[in-house]
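Asker: First the structure, which I've put down as structure tokens, then a few questions once you've had a look.
Nothing in this text is a laboratory measurement; each read-out follows from the coordinates by a stated rule. All figures in this text were calculated on a predicted structure; none of them were measured in a lab. Every residue, glycine among them, receives a Cβ derived from its backbone with ideal geometry; neighbour counts consider all protein chains shown.
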Amino acid sequence: MAPESARHTLSAVSTKALREEAARLTGQFQQARRDPELVILEGFHALKHALRFDARIDAVVSWDAEELARLSEGFAPDISEVIAARAQIVSRKVFRQLGPYEPHTGVVSIAHRSHVDPRKLLAERGGAPLILLEDPRHRGNLGAVIRVAAAARATGVLTTGIHDPWDPVAVRGSAGLHFALPVAHLERLPELDRPLLALDPDGEPIRPRMVPADALLAFGSERHGLSSSLLERADARISLPMRAGVSSLNLATSVAAVLYSLQLCGG
Ligand SMILES: C[S@@+](CC[C@H](N)C(=O)[O-])C[C@H]1O[C@@H](n2cnc3c(N)ncnc32)[C@H](O)[C@@H]1O
């Protein structure tokens, strides 16, 4: 057994190393939040999908190794070993210093965003619809659109307006499915070489074979709907029929209804 003075020296050295590691991690996360090439993944499900869809991950940090193992076994047994190997376990105090939001799953990560050229995406004609969100205001809703667009095999999601579609709140809303299809922000909608269809509660009711396979489907913002300029540019305005008295559907719900009706009943 080491003499007492040596034990004190050892514990001082390990306390110092822990403090330095905590400062390094806090700095790494602060820098990642400011870096437009990176994104913070808040929570387990965002990490799970990021890994499944081959995102480049720089850091995985958790304060609860047991909970992380339980979540991995329960929801991602296919990648549980990768998660265990990548995760760095820290104290809850250090974890709380990594950002303003503490995910209840006790894990945050740093990933590299996928590179997408919105103009190239608009020019691609892959035979599946491409989604355009005009100035979506609710970042959770934006994420929910990306999640259903990924599930229903849309070509991609483009957004205009004030929000970065890669905002961590939107990535939490998509459960990390930003990595499953191209997602990008567009300053202005350029001239198009594909049909533009406006989804609008006052449009013509949707029916089978009404929507061309690689249409650009435009959805408006939560409060104001589509702008008059986009409605004027559109080749057609189509609606999801609603019971009398209902004004509109939620944005993500309307994207889901359109994509699945196209998938199940044909364009
Ligand atoms: C919450 S709604 C906007 C409501 C807005 N007050 C309006 O009248 O358009 C958000 C977007 O979801 C789409 N949407 C909602 N309900 C729809 C419906 N019944 N048919 C087609 N699109 C719909 C539209 O693109 C709309 O701009």
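Asker: Nearest 0.05, what FRET efficiency do Leu192 and Ser228 give at R0 = 30 Å with Cβ-Cβ as r? Each step should come with its number before you reach the end.
Answerer: Working: r = 18 Å, r/R0 = 0.59.
With R0 = 30 Å, the Cβ-Cβ based efficiency is 0.95.
Asker: Among 84-93, 101-110, 32-41, how do they line up from the highest to the lowest mean number of other beta-carbon atoms within 10 Å?
Answerer: Those peptides, ordered most packed to least, come out 101-110, 32-41, 84-93.
Asker: A further question follows. Per-residue counts of other Cβ atoms within 10 Å, averaged by peptide: what ranking do you get for 219-227, 204-212, highest first?
Answerer: So the peptides 219-227, 204-212, ranked by packing, come out 219-227, 204-212.
Asker: While we're looking at this one, here's another question. Can you give the extra length, in nm with one decimal, that the chain gains between Lys93 and Arg34 once fully stretched, where that is 0.36 nm per residue apart less the Cα-Cα distance?
Answerer: Value of the extension gain: 19.0 nm.
Asker: Oh, and also: Could you derive backbone 3J(HN,Hα) for the stretch 36-41 from the dihedral phi with the Karplus parameters 6.51, -1.76 and 1.60 (θ = phi - 60°), listing whole Hz in sequence and x where the residue is Gly or Pro?
Answerer: Values per residue, Gly and Pro as x: x, 8, 10, 8, 8, 9 Hz.
Asker: Among 190-199, 20-29, how do they line up from the highest to the lowest mean number of other beta-carbon atoms within 10 Å?
Answerer: By packing density, highest mean first, the sequence is 190-199, 20-29.
Asker: If you don't mind, another one. Provide the FRET efficiency to the nearest 0.05 for the Gln263-Arg52 pair, computing r from the beta carbons and using R0 = 22 Å.
Answerer: Given R0 = 22 Å and the Cβ-Cβ separation, E is 0.55.
Asker: Something else: Can you give me the orientation-averaged projected area of the convex hull built on the Cα atoms of the chain, in nm²?
Answerer: Working: hull surface 68.2 nm².
Mean orientational projected area (the chain, Cα hull): 17.0 nm².
Asker: Then there is this: Cut-off 18 Å, label point 7 angstrom out along Cα-to-Cβ of Phe75: give me the residues of the stretch 92-122 whose amide nitrogen falls inside.
Answerer: It comes to 101-111, nothing else.
Asker: For Arg237, what is the net charge nearby, where nearby means another residue's Cβ is under 14 Å from its Cβ and Lys, Arg count +1, Asp, Glu -1?
Answerer: Summing Lys/Arg as +1 and Asp/Glu as -1 gives -4.
Asker: Specify the inter-centroid distance of the stretch 200-267 and the stretch 121-153, based on alpha-carbon positions, in whole Å.
Answerer: One Cα centre to the other: 13 Å.
Asker: Here's another thing I want to ask about it. Tell me which lysines have Cα within less than 17 Å of Lys16's Cα, excluding those fewer than 8 residues away on the same chain?
Answerer: Once the sequence-local lysines are set aside, what remains near Lys16 is Lys93.
Asker: Using a simple spin-label model with points 7 Å from Cα along the Cα→Cβ vector, what separation in nm is obtained for His185 and Ala65?
Answerer: 4.0
Asker: Residues with beta-carbon under 13 Å from that of Ala55, excluding Ala55: net charge, scoring Lys, Arg +1 and Asp, Glu -1?
Answerer: On the way: positive: Lys48, Arg52, Arg56, Arg86, Arg113; negative: Glu37, Asp54, Asp58.
The answer is +2.
Asker: What's the local net charge at Ala154, with K and R +1, D and E -1, over the other residues with C-beta under 14 Å away? The partial results should precede the final answer.
Answerer: Details: positive: Arg125, Arg147, Arg153, Arg194; negative: Glu124, Asp214.
Local charge sum for Ala154: +2.
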